[in-house]
Amino acid sequence: MFANLLHTKLTIPPLTEPLINRPTLLAQLAASHRHKLTLITAPAGYGKTTLLAHWLAHAPEQPNDLRCAWLSLDAADDNSSRFCAYLLAALQTISPTLGHSAEPLLQSSQDPPPTAIITTLLNDLHQQQNSLTLILDDYH
């Protein structure tokens, strides 16, 4: 299904040393699992991506059962079908069967309404027993 997608968009970026240690921000991220939505906003170049990658790789405070899907976005992802395909592929990196009911909609020769895909995907997410974290990097 996702052979034509760029898989590097679904991968947490590698960390480059040296890192600026940000214990307060890492602690806030560790506590973020108590919330349904956490937004990290700052101007370009302030280290949002690096902070998240560092948190996922090293933070001892994160829950042991943290399941995280990563999606790096770019200007081409403003197409709803493309965005939904990448979103589904990202989620399937942590749960391969997640979103199978949405796949036929994405494989259709006609672009389905984004609400149909999202509704189907949300219904699948609702069936998940464990929580998950979805990171949309460079969301504008």
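The values are calculated or read from the model by the stated rules, or taken from the named source; none is laboratory data. Because the structure is a prediction, the values reported are computed rather than measured. Every residue, glycine among them, receives a Cβ derived from its backbone with ideal geometry; neighbour counts consider all protein chains shown.
Quick grid of which residues meet (1) without any contact (Cβ under 8 Å) to a residue 40 or more places away in the chain; (2) more than 22 Å from THR38 (Cβ to Cβ); (3) not in a loop (DSSP other than H, G, I, E, B):
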{"site": "LEU106", "(1), (2), (3)": "no, yes, yes"}
{"site": "LEU122", "(1), (2), (3)": "yes, no, yes"}
{"site": "GLN129", "(1), (2), (3)": "yes, no, no"}
{"site": "LEU134", "(1), (2), (3)": "no, no, yes"}
### Task
Looking only at the range 122-130, decide whether some residue is exposed (fewer than 13 other Cβ atoms within 10 Å of the Cβ), in contact with a Lys or Arg (Cβ under 9 Å, 6 or more places away or on another chain) and polar (S, T, N, Q).
yes
### Query
Do we have LEU98 as buried (at least 17 other Cβ atoms within 10 Å of the Cβ) and touching a Gly at 6+ places or on another chain (Cβ under 6 Å) here?
no
### Query
Does TRP55 satisfy the condition of being under 19 Å from LEU5 (Cα atoms) and either surrounded by 17 or more Cβ atoms within 10 Å (Cβ to Cβ) or modelled with pLDDT under 90 (or both)?
no
## Note on the structure
Checked the range 33-47 for anything in contact (Cβ under 8 Å) with a residue 12 or more places away in the chain and either assigned to a helix (DSSP H, G or I) or in contact with a strand residue (DSSP E or B) (Cβ under 7 Å, 6 or more places away or on another chain) (or both); matches are HIS33
### Residue that is nearest to LEU134 (Cα to Cα) [pool: residues in the range 28-51 that are surrounded by 13 or more Cβ atoms within 10 Å (Cβ to Cβ), modelled with pLDDT under 90 and among the small types (Gly, Ala, Ser)]
SER32
